[in-house]
Amino acid sequence: MDRCVVLVDAGYLLGAAASLLAGEPSRSRITVDHAAVVAGLRERAELETGQPLLRIYWFDGAPDRVPQPEHRRLRVMPRVTVRLGALTRTDGRWAQKGVDAAMHAELSELARNRACSDVVLVTGDGDLLPGMMSAKEHGVAVHLWAVQAADGDYNQSEDLVAEADERRVLDREWITAAIRAKEIAGVCGPTPGPRPGVRPEIAAILAAPLPESAASPHPVHTVGAPVKNGTAPTEHADDPATINAPGKGVPTPKDLADLGRSHASAPQPPAAHSAPPSTLRWSSDKGWTDRPGPDQPDTTGLPTLAQLTTAEQRWADREADITAVSGDPYEVGQVFARRWIARVGDPTHLQQLSSHYPRVPHRLDGELLRYAARFGLLAHKDDQIDENDRYAIRAGFWREFDTVGSPD
């Protein structure tokens with residue numbers, strides 16, 4: 001059949017792209033526009049082979065072979081089939097299992113059934129050499145594509161390169177059309193980089209320096225620091241420069257509460273006594289946070305998004321999550337807030353919620369974070385506690401509330 005097929009080893013493609021753009025092969029260091037990657041692969045494959053595309057096979061690893069958000073988005077794209085191997089952890093490193101075998105089997109089956117005339121392989125693993133040789137024996141032209149190596153050398157098996165009929169390199173220009181390196185922030189803000197129109201109160205909360213009392217009994221999670229036995233290493237509690245320096249740690253809700261209490265109890269200049277001191281709050285009503293007083297509206301009657309959502313809407317939400325929501329934590333918070341505001345109906349509920357800013361009521365906050373977990377957020381990533389996501393999710397929630405649902 002005069003058609004072409006593309007087999008993509010996602011571990012190789014994205015790992016090599018991360019090395020090229022971010023200096024290390026960790027996929028957490030890059031942001032990927034999967035739709036743009038698929039479109040770029042299709043366009044280039046049809047141009048290079050001169051044949052129409054039959055299908056793109058995307059091979060990747062996943063814990064327990066459970067599709068991750070990116071896999072769910074990929075598998076509903078036209079002409080894309082996702083094949084998952086296992087993702088296992090050995091000696092502190094993640095490794096794919098079964099991906100090479102699946103690619104070998106698919107390549108051999110396509111060639112044996114004469115399903116295509118040309119196969120494009122985006123991989124660097126020499127384990128595919130027997131499959132490549134088998135495909136050639138069945139009359140299939142094999143095109144081997146490499147990602148431009150960060151050090152200017154090959155990042156593919158030499159035997160694989162020698163056996164390929166054609167070889168091309170996906171250079172930096174091609175890669176950056178769909179993949180970019182993440183900016184490494186210090187103390188997290190509500191969004192990755194400045195966003196116009198963000199409430200200044202959110203920025204003030206996240207930029208507030210930590211009190212010394214918060215640094216010692218409640219250790220700050222350090223961005224990028226390894227986690228051992230489920231706990232993060234602490235900064236030097238006796239070094240004020242370390243506590244307040246940007247980029248040293250992410251303040252937890254507990255830290256912010258301690259900061260608010262310390263500010264409230266500190267001596268104030270005469271002009272400051274005209275307004276009552278406020279306590280910084282961020283999320284739930286439980287535990288360390290101040291519970292609503294008698295003069296504050298009770299938020300226990302606020303409905304959850306699940307209570308406001310019909311079966312039809314739930315199905316549509318799932319489809320939108322798969323195809324339209326990128327998984328950026330700020331956007332996830334916005335999407336959740338937009339749906340809740342559109343369905344709540346009663347304006348008194350909006351007024352109730354507004355009066356408790358910036359604390360998201362406990363039931364809504366739990367539901368919001370569970371929703372975010374569907375996109376792989378809030379998890380331990382590359383042995384790092386990603387508290388950044390938690391703040392960005394809630395900041396996105398309040399930003400959308402400001403834009404759409406503010407009763408003012």
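What follows is calculated from the coordinates using simple rules that are stated; it is not laboratory data. Keep in mind that this is a model prediction, so the values were computed, not measured. Positions of Cβ are backbone-derived with ideal geometry, glycine not excepted, and every protein chain shown enters the neighbour counts.
Figures for the structure shown
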{"read-out": "Segment 57-115 - share of DSSP beta bridges that are antiparallel (%, nearest 5)", "value": "45 percent"}
{"read-out": "Under-5 Å amide H pairs with V80, H placed in peptide plane, nonlocal only", "value": "I56"}
{"read-out": "Distance from segment 324-346 to segment 42-100 (C-alpha centre basis), Å", "value": "28 Å"}
{"read-out": "Whole-Hz couplings from phi, Karplus 6.51/-1.76/1.60, listed for segment 141-150; x for Gly and Pro", "value": "7, 10, 10, 9, 10, 10, 8, 3, 6, 5"}
{"read-out": "From phi via Karplus (6.51, -1.76, 1.60), per-residue ³J(HN,Hα) for segment 160-168 in Hz, x at Gly/Pro", "value": "5, 4, 5, 7, 5, 6, 9, 9, 9"}
{"read-out": "Packing-based order for 336-342, 115-121, using average beta carbon neighbours within 10 Å, highest first", "value": "115-121, 336-342"}
{"read-out": "Least to most buried among H362, H138, H349 (fewest other Cβ within 10 Å first)", "value": "H138, H362, H349"}
{"read-out": "Where N is the number of residues in segment 18-157, Cα Rg divided by 2.2 N^0.38 Å", "value": "1.08"}
